[in-house]
Structure formats: C-alpha cells, structure tokens
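Notes follow once the structure below has been shown.
The values are calculated or read from the model by the stated rules, or taken from the named source; none is laboratory data. Note that the coordinates shown come from a computational prediction; the quantities given were computed from them, not determined experimentally. Glycine also receives a Cβ, built like all others from the backbone with ideal geometry; neighbour counts cover every protein chain displayed. Ligands, DNA and RNA are stripped out before the accessible areas are found, and what is left, the full protein with its side chains, is counted by its heavy atoms. Shrake-Rupley method; radii C 1.70, N 1.55, O 1.52, S 1.80 Å.
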Amino acid sequence: IRNFKPMLRNAPQNLETLRTPEGAVLPPNTLAELRRDMARLSFVKQQIKEVETTRLERLQRAPGEGGNAMVQLLTRVVGVGVETADMLVQEIFSRNLRDRKAVARYAGLTGAPDESGKKRRERGLAKSGNARVRRGMLQLAWGFLVHQPDSVLAKWYRARTADARGVTRKTMIVALARKLLIALWRLATTGEVPEGLALRAAA
C-alpha cells in the first residue's frame, strides 16, 4: 500500500480508501487491526503532548528552582533540546556523584574489562549503568558533531576518526558521548562552559 501516511491527522478517515496493489479493498480483519493500531498511536501521541506541556509549564512557573535552573542552562547549548536536558537532570545531574568517573560509570559509558592472566581487553560497554542516559547520550553525541562542529570535543573526534573505518567511528562515538556527558555535567553543576561550545542567548 503506497501513498498512505499514518502519522497524518486525517489518516484514520482515509483507511476506507486504501487498496492493495491488485486494487482490492483491505480484508476486514486487517482494516480493524489498522484502526486499533492508529487509535493507540493517537492516544500515545496525546499523552506525549501532555507530558511535554506539563514540563514546559513547570519550567516557566519556577525556572530557578531545583533542577529547573540546570535544565534552562543545558537548553542554551545548541543541539540540546528541553526533553534531553530534562532527562539528564532528572536521571543523573541531580544526583550527588563525586567525580567524572562516577558520572560516566552511572551512565554506563565505561568499558567492561575482560581480564585473563596478564591480558586485559575491553568487551564493550558495561551493561550496569542507566540505559536511558546511555541511549540518550549516544544519540546526542551523533547530533553534537552536526550542531557543534567547531567545539573542541567535535574536533577531538574528527582528529581520531579522519582515516578510520566505521567500526572505529562507532567506538569513538562512545568515547565522545562519555566526554560530552562529563562536560555537560560540569556545565550544569558548576557553570563551566566547555571550550568552543556554542550557546544560545539567555532568555
């Protein structure tokens, strides 16, 4: 079935007009399943909208209270949105973590060593950290290269992956995510702005 976009507002009304490549109408069970799927999609989208509205109201009502000030500061970083900033503050930056190693460890952005005798090698990321923060930071790191190309961290990544293969770039993006998380933690907790970081003007 082509030329049908389920994300459009009037998509449920267009289900009756859908045809298979052979020109036949959709079977009743398939049509009913699509209606149920689209009803769930609409419900989830409405809930997400309510969560986002509530978050913005909270930030506007008391911008300097609790972690709201951290969120406001993080959203000034070009490439960091309200949702990502709020997630980082709620999940990790509001916790009393003693140093950068504890921050990286809590996020699960440290390696899992495999030691055998005198040999020691990394088996990839540790699985014991906060999975939500880890996923969010990996996504943010890829976007950071686009939105903050002149930052020291972006230049650091490009210098180490200039002639690298895809596997190396994926490995180094984890290192970038770890460095970026620590830099944002310092920004949120101490106000230290990473070198070369582009900030939006304060509201």
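Before moving on, here are some points about what is shown:
- R0 of 25 Å, Cβ-Cβ distance Leu41-Arg19: FRET efficiency to nearest 0.05: 0.70
- Alpha-carbon geometry of the chain: the Rg and the Dmax are 22.3, 68 Å, given in that order.
- Pair-distance distribution P(r) for segment 1-61, from all Cα-Cα distances in 5 Å bins starting at 0: 3, 16, 20, 19, 12, 8, 8, 6, 4, 3, 1, 0 percent.
- Span-rule helices in the chain, defined as complete DSSP H runs reaching 27 Å or more along the axis (Cα) with Kyte mean at least 1.0: none
- Cut-off under 5 Å, modelled amide H: who pairs with Val77 long-range: Arg200
- Gaussian network model of the chain, Cα within-10 Å springs - most flexible of Thr168, Thr20, Thr190: Thr20
- Using a probe of 1.4 angstrom and keeping all protein chains present, the accessible surface of the chain works out to 66 square angstrom per residue.
- Candidates Glu52, Glu22, Glu192: whichever shows maximal mean-square fluctuation once the chain is modelled as a Gaussian network with Cα springs under 10 Å: Glu22
- Carbon + sulfur, % of accessible area of the chain - ligands and nucleic acids excluded, 1.4 Å: 51 percent
- The listed peptides 103-109, 8-14, ordered by packing as a protection proxy, come out as 103-109, 8-14 (highest mean of other Cβ atoms within 10 Å first).
- Positive-end residue, the chain charge dipole about Cα centroid, Cβ charges, pick of Ala154, Gly66, Phe93: Ala154
- Pairs of lysine residues in segment 66-202 - Cα separation under 26 Å, sequence separation of 8 or more or cross-chain: 14
- Centre separation in Å (Cα based) which lies between segment 136-192 and segment 1-53: 38 Å
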